[in-house]
Amino acid sequence: MNDTNLRRMLLEFKAGAIDQDAVIEYVESGLYEDVGFAKIDHHRAKRKGFPEVIYCAGKSKQQVVEIFQRLADRSDKVLATRADSAVGEAVCEAVKDAKYHEIGQLITLGWSRSEPEVEQPYIAVISAGTSDLSVAEEAAVTAEIMGSKVVRVYDVGVAGLHRLFGELHKIEDAKAAVVVAGMEGALASVIGGLIHSPIIAVPTSVGYGAALGGMAALLGMLNSCAPGVTVVNIDNGFGAGYSAHLISTV
């Protein structure tokens with residue numbers, strides 16, 4: 001729903017050029033679009049500041065393509081998460097300028113990556129290991145498409161803590177930090193004790209049997225003794241990137 005068009009219609013209604021049913025129809029059509037298998041929430045950008053995000057898992061290629069196209073018709077930014085390569089390829093064929101991010105399993109429209117300039121606010125996204133990159137990239141690209149600058153610091157887990165200290169200067173001035181780790185999830189507590197910024201910890205499902213699909217990392221992060229650490233769900237890079245962006249723009 002476009003504010004300019006709504007004002008124009010209200011003036012036309014006031015002048016008697018259109019009836020109230022036309023105004024009601026326009027307002028209702030701007031709230032959501034019913035395509036049978038989905039009700040696309042076009043009003044979400046107005047309420048939340050960013051359009052509805054497509055969760056691709058469990059949807060067919062055709063369903064994702066149609067939802068993506070309809071969102072793209074009304075917004076210059078669209079984000080889809082948990083998309084495999086087949087879905088990504090189908091969307092990119094159907095929507096000009098759409099991009100598939102293989103590592104993070106994302107599809108974007110209107111995304112760009114750029115390093116922050118000197119003293120420009122930014123978010124740091126930090127991963128413990130290379131196996132955590134998919135979730136870390138989901139967080140990083142989400143924050144970027146929402147408008148944040150992101151610094152990536154990857155593979156600095158506690159098994160080789162000297163690697164983190166060599167990169168600490170990149171993250172200590174971040175407005176917010178997303179820390180992604182599997183196994184025992186210790187990296188969130190370490191970074192929480194080193195920087196002043198709010199930390200969003202993301203446990204991943206990376207690890208051997210006793211990692212319990214991310215439960216060990218989740219419980220470790222929830223029990224962090226470092227202040228300022230908030231935890232999202234297992235593998236939820238999207239939720240972490242979204243929240244980090246909101247924190248950084250306050």
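Couple of notes before you dig in:
- Being out of contact with any Gly (no Cβ under 7 Å at 6 or more places or on another chain) and either surrounded by fewer than 21 Cβ atoms within 10 Å (Cβ to Cβ) or within 22 Å of Ser248 (Cα to Cα) (or both) is a description that does not apply to Leu187.
- Scan the stretch 75-113 for residues that are surrounded by 16 or more Cβ atoms within 10 Å (Cβ to Cβ) and either assigned to a helix (DSSP H, G or I) or among the hydroxyl-bearing types (Ser, Thr, Tyr) (or both) and the total you get is 10.
- Here Gly147 passes the criteria (1) touching a residue at least 60 places away in the same chain (Cβ under 8 Å); (2) buried (at least 16 other Cβ atoms within 10 Å of the Cβ) except the one numbered (2).
- Within this structure, Val135 passes the test of being touching an Asp or Glu at 6+ places or on another chain (Cβ under 6 Å) and in a helix (DSSP H, G or I).
- As a summary of the residue check, Asn233 satisfies the conditions (1) crowded, with 17+ Cβ neighbours inside 10 Å; (2) modelled with pLDDT of 95 or more except for the one numbered (1).
- Failed item in (1) more than 16 Å from Phe238 (Cα to Cα); (2) part of a loop (DSSP other than H, G, I, E, B), with Val190 passing the rest: (2)
The values are calculated or read from the model by the stated rules, or taken from the named source; none is laboratory data. None of these values were measured; they are calculated from a predicted model. Here the Cβ is made from the backbone with ideal geometry for all residues, glycine too, and neighbour counts use every protein chain on show.
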